[in-house]
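Worksheet: one structure, shown below.
The values are calculated or read from the model by the stated rules, or taken from the named source; none is laboratory data. No experiment lies behind these values; they were computed from the predicted model shown. All Cβ positions, even for glycine, are placed from backbone atoms using ideal geometry, and neighbour counts span all protein chains on display.
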Amino acid sequence: MEEAKQLFKKLKIYSLLDLALIIPQSYNDTTLSTALEIGKTVTLEAKVIDSAVRNGKLRVTFELPSFHGRRLSSLFFRTTPYHYKLFEVGSRHYIQGKLEVYNGYLQMPQPRSVKEIGRVTPKYKTVLKESEIRSLIEAYITEKNLFDEGLDSKEVGVLMRLHFPNSIDDVYSEGSLKPEIVRVLKFVEAYNHLKKLRGKRIAFPAISALTGDITPFVEGLPFKLTEQQQQTIADIRSDLANKERAAKRMIVGDVGSGKTMVILAAAMTALPHKSILMAPTSLLALQLYEEACKHLPRSVRVALLMQGKEEGDYHDADFIIGTHALLYKEDLPQAALVMVDEQHRFGTVQRQMLEALVSGEGEEKPHYLQFSATPIPRTQAMMESELIDVSLITTTPFDKKVSTKVIGKPEFPVLLKHIETEISENHQVLIVYPLVEESSEIPYQSLDEGRAFWEKRFEDVYVTHGKDKQKEDVLLEFREKGNILLATTVVEVGISLPRLTLIVIVGAERLGLATLHQLRGRVGRNGLESWCYLFSNVPQNERLQKFCQTTNGFDIAKLDLKFRSSGDIVDGTIQSGQKFKWLDMTEDEAVIAQAKTRLGALKLGIRN
């Protein structure tokens, strides 16, 4: 048992199905061949009728009794005394090798003598010796063990056939795994992953059940919440009302989908208990604070807590909004609800401190909501939901009128005229550069190189980038007074710029589609007709052309996944880089749904 544990550790596998999914790379079939198929590996009964050494190489001539005494010659390039003794004239063998024809004569270079015929032996490619992996497979991959994992008879049958085949035809069709086998492997891979995630989920009692009335807030809004906003709020209220299990939910909303209203509804639900919201930047915290003051009933006390700036008394507030500065306040009151916006943008140390904040005292924990503006594919959301509840907000309160186009140097004069037109209509323009300083490795102007052109041609040009300590002040001032903002991707997630109608992304092919979508999300926030220009030296780039065809972040996340052929992309819920061998996260939604249904049925004690 201890030896097996060490072998599992070497393989880096953690479940029986992990082992079952290590399928053979190939098979050695020693079934006697019934036909002489040229170009194929065959196993033949043979008798040595001649053996000679020529130019240091052993040439053996065999007679094939099953094929009317036809002859076959073999040349051994790598010989040892063993070969001369083994292939003595008159000796009989079962030989295996690739059958060839040369000048009309059958040949089989360097055949091997097979001791046992009629067996199909799997060949595995792992860090273990062949004997070690085979011993594990034989010990653990049994029908009983696979049924105990929750698989049905078809799935068990396929896995047993892969590891213990009677014939190559059981497994392969025209040189590839049979389609029905691939379908089962996709399911088992999804099911195994979901099962492991479910095993990691731990429930804790909540500090309190939260059932505050949200009616005054909803009725006071100058607009109607979308159906998906309402559904997400209903999901959250159901979570928060549970005293037995502290909520752990991730709300993923596209750019401009109205997550702020969901945050405010959650804060209302927490009343009369306190709630805390942590944002990754002062800009976002300030923006959320302004929205809270604008839309929450006046009876709700809101406080802002950032480095160097405080509004209201956080000791006395119902709803505390802040940056990571919250984590350093030793007298922060206990909150029954903790919310975090864009958690993946916090550092490792800050996340650990946040974990302590969310842990509460003793067994009871605050309810926890995590918000993200980085859309994820539905397939991934289905996976994530085994570890943390997930709500997707895929619609926006109004249709955005954003046109996206890939342009190159020839279109630059037209672009300039368009920029002049937008500024004349009191609209704003954002130009995103790939780098701050010049680089010989990137064939585009940097921010430093480009700024002189814009500053000479236009008034009220503002400049900022990631290392700019004043970037938040620059963005706030630009929002009120600026015409053109020159920046790096620092503006990807951040300030709302209601007058921004045109964005130019320089070297767009160098950025991921999710980043491009976040940048495009800066324009058209209030329904104004807007434009996103992807400036590229390779305008025929297929990825960029596909990006231009959709504005839905969830479709773009699926596209991004397809082009990158990677696993999970979301923040700290599942470790980044999860790779699937059989499952296609862009296409196999039905397979994942089937695996989830199976897991749910097993939880209820229902078996197929």
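Could you look through the stretch 301-328, keep only residues that are surrounded by 15 or more Cβ atoms within 10 Å (Cβ to Cβ) and not hydrophobic (A, V, I, L, M, F, W, C), and pick out the one that is nearest to Asn242 (Cα to Cα)?
Asp318
Of all the residues that make up the stretch 526-539, how many are surrounded by fewer than 21 Cβ atoms within 10 Å (Cβ to Cβ) and touching a strand residue (DSSP E or B) at 6+ places or on another chain (Cβ under 8 Å)?
First, pick out the residues of the stretch 526-539 that are surrounded by fewer than 21 Cβ atoms within 10 Å (Cβ to Cβ): 526-529, 536-539.
If we keep only those that are touching a strand residue (DSSP E or B) at 6+ places or on another chain (Cβ under 8 Å) as well, we get 528-529, 536, 539.
Residues meeting the conditions: 4.
Evaluate the following for Leu58: is it in the same structural domain as Tyr102 (by TED's automatic domain parsing), touching a residue at least 24 places away in the same chain (Cβ under 8 Å) and buried (at least 16 other Cβ atoms within 10 Å of the Cβ)?
Spelling it out, Leu58 is indeed in the same structural domain as Tyr102 (by TED's automatic domain parsing), touching a residue at least 24 places away in the same chain (Cβ under 8 Å) and buried (at least 16 other Cβ atoms within 10 Å of the Cβ).
Only one of Glu472, Glu441 is modelled with pLDDT under 80, farther than 21 Å from Phe412 by Cβ, out of contact with any Lys or Arg (no Cβ under 6 Å at 6 or more places or on another chain) and in a helix (DSSP H, G or I). Can you tell me which? Break it down stepwise before answering.
Working: Glu441 fails: in a helix (DSSP H, G or I).
Answer to the selection: Glu472.
Specify which of the listed residues (Leu544, Leu519) is within 26 Å of the chain's Cα centre (by Cα), touching a residue at least 60 places away in the same chain (Cβ under 8 Å) and surrounded by fewer than 22 Cβ atoms within 10 Å (Cβ to Cβ).
Leu544
Which one is farthest from Val349 (Cα to Cα), of the residues in the stretch 313-327 that are outside any loop (DSSP other than H, G, I, E, B) and modelled with pLDDT under 95?
Residue satisfying both the conditions and the ranking: Gly322.
Residue by residue through the stretch 13-55, note down the ones that are surrounded by 15 or more Cβ atoms within 10 Å (Cβ to Cβ) and among the small types (Gly, Ala, Ser).
Listed by number, the residues that qualify are Ser15, Ala20, Ser33, Ala46, Ser51.
Among the residues of the stretch 44-66, is there at least one that is over 49 Å from the mean Cα position of the chain (by Cα) and assigned to a helix (DSSP H, G or I)?
Scanning the stretch 44-66 turns up at least one residue that is over 49 Å from the mean Cα position of the chain (by Cα) and assigned to a helix (DSSP H, G or I).
Please work out if Asp448 is more than 30 Å from Val338 (Cβ to Cβ) and in contact with an Asp or Glu (Cβ under 7 Å, 6 or more places away or on another chain). Give the steps one after another, and end with the answer.
On the way: more than 30 Å from Val338 (Cβ to Cβ): yes; in contact with an Asp or Glu (Cβ under 7 Å, 6 or more places away or on another chain): yes.
For Asp448, the condition - more than 30 Å from Val338 (Cβ to Cβ) and in contact with an Asp or Glu (Cβ under 7 Å, 6 or more places away or on another chain) - is met.
Would you point out the residue of the stretch 328-342, among those that are outside any loop (DSSP other than H, G, I, E, B) and in contact with a His (Cβ under 8 Å, 6 or more places away or on another chain), that is farthest from Leu288 (Cα to Cα)?
Per the criteria, the residue is Leu337.
Collect the residues in the stretch 234-257 that are buried (at least 20 other Cβ atoms within 10 Å of the Cβ) and within 18 Å of Ala381 (Cβ to Cβ), keeping them in residue-number order.
Once the filter is applied, which keeps residues that are buried (at least 20 other Cβ atoms within 10 Å of the Cβ) and within 18 Å of Ala381 (Cβ to Cβ), the stretch 234-257 yields Ile236, Asp239, Ala247, Lys248, Arg249, Met250, Ile251, Val252, Gly253, Asp254, Val255, Ser257.
Looking at Pro272, Pro280 in this structure, which one is part of a loop (DSSP other than H, G, I, E, B) and either charged (D, E, K, R) or closer than 20 Å to Thr323 by Cα (or both)?
Going through Pro272, Pro280 in turn, the sole match is Pro280.
Contact list please: Cβ distance under 8 Å, first residue in the stretch 129-144 and surrounded by fewer than 17 Cβ atoms within 10 Å (Cβ to Cβ), second residue among the basic types (Lys, Arg), pairs at least six apart or on different chains.
Cβ pairs passing all conditions: Glu130/Lys123.
Which pairs do you get when a residue that is closer than 25 Å to Arg70 by Cβ and in contact (Cβ under 8 Å) with a residue 24 or more places away in the chain, found in the stretch 108-123, comes within reach of a residue that is of a type in the set (D, E, K, R) and assigned to a loop (DSSP other than H, G, I, E, B), reach meaning Cβ atoms under 8 angstrom, with the pair 6+ apart or on two chains?
If the second residue must be of a type in the set (D, E, K, R) and assigned to a loop (DSSP other than H, G, I, E, B), the pairs left are Gln110/Arg78.
If you take the residues of the stretch 369-421 that are in contact with a Leu (Cβ under 8 Å, 6 or more places away or on another chain) and modelled with pLDDT of 90 or more, which of them is nearest to Asn483 (Cα to Cα)?
Ile419
Residue pairs, Cβ under 7 Å, 6 or more apart or interchain, first in the stretch 81-92 and part of a loop (DSSP other than H, G, I, E, B), second modelled with pLDDT under 95 and among the hydroxyl-bearing types (Ser, Thr, Tyr). List them.
These pairs meet every condition: Phe87/Ser51; Glu88/Ser51; Val89/Ser51.
Return yes or no: is Glu363 touching a residue at least 60 places away in the same chain (Cβ under 8 Å) and in a loop (DSSP other than H, G, I, E, B)?
yes
Got at least one residue in the stretch 588-604 being at pLDDT 80 or above, outside the structural domain of Leu516 (by TED's automatic domain parsing) and in a loop (DSSP other than H, G, I, E, B)?
Checked the stretch 588-604: at least one residue is at pLDDT 80 or above, outside the structural domain of Leu516 (by TED's automatic domain parsing) and in a loop (DSSP other than H, G, I, E, B).
When you check Glu155 against the structure, is it in contact (Cβ under 8 Å) with a residue 12 or more places away in the chain and either buried (at least 19 other Cβ atoms within 10 Å of the Cβ) or closer than 30 Å to Pro397 by Cβ (or both), yes or no?
yes
Is at least one residue of the stretch 340-349 surrounded by 15 or more Cβ atoms within 10 Å (Cβ to Cβ), out of contact with any Leu (no Cβ under 8 Å at 6 or more places or on another chain) and within 25 Å of Ser208 (Cα to Cα)? Step through it out loud before you land on a result.
Just the residues of the stretch 340-349 that are surrounded by 15 or more Cβ atoms within 10 Å (Cβ to Cβ), to begin with: 340-346.
Subset that is out of contact with any Leu (no Cβ under 8 Å at 6 or more places or on another chain): 344-345.
So of that shortlist, the ones also within 25 Å of Ser208 (Cα to Cα) come out as none.
Within the stretch 340-349, not a single residue is surrounded by 15 or more Cβ atoms within 10 Å (Cβ to Cβ), out of contact with any Leu (no Cβ under 8 Å at 6 or more places or on another chain) and within 25 Å of Ser208 (Cα to Cα).
Considering Thr489, Thr464, which residue is closer than 26 Å to Pro397 by Cα and either in contact (Cβ under 8 Å) with a residue 12 or more places away in the chain or in contact with a helix residue (DSSP H, G or I) (Cβ under 8 Å, 6 or more places away or on another chain) (or both)?
Thr489
Listed residues Ala292, Ala266; which is in the same structural domain as Asp235 (by TED's automatic domain parsing), buried (at least 23 other Cβ atoms within 10 Å of the Cβ), of a type outside the set (S, T, N, Q) and in a helix (DSSP H, G or I)?
When all the criteria are applied, what remains is Ala266.
From the list Gln370, Gln350, Gln380, pick out the single residue that is part of a strand (DSSP E or B), at negative phi and among the polar types (S, T, N, Q).
Gln370
Of the residues Leu151, Leu159, which single one is more than 27 Å from Leu64 (Cα to Cα) and either assigned by TED's automatic domain parsing to the domain that holds Leu387 or assigned to a helix (DSSP H, G or I) (or both)?
Numbers: Leu151 fails: either assigned by TED's automatic domain parsing to the domain that holds Leu387 or assigned to a helix (DSSP H, G or I) (or both).
Residue meeting the stated conditions: Leu159.
Suppose we filter Arg198, Arg134, Arg119 for residues that are out of contact with any His (no Cβ under 7 Å at 6 or more places or on another chain) and within 30 Å of Gly600 (Cβ to Cβ); which single one remains?
Answer to the check: Arg198.
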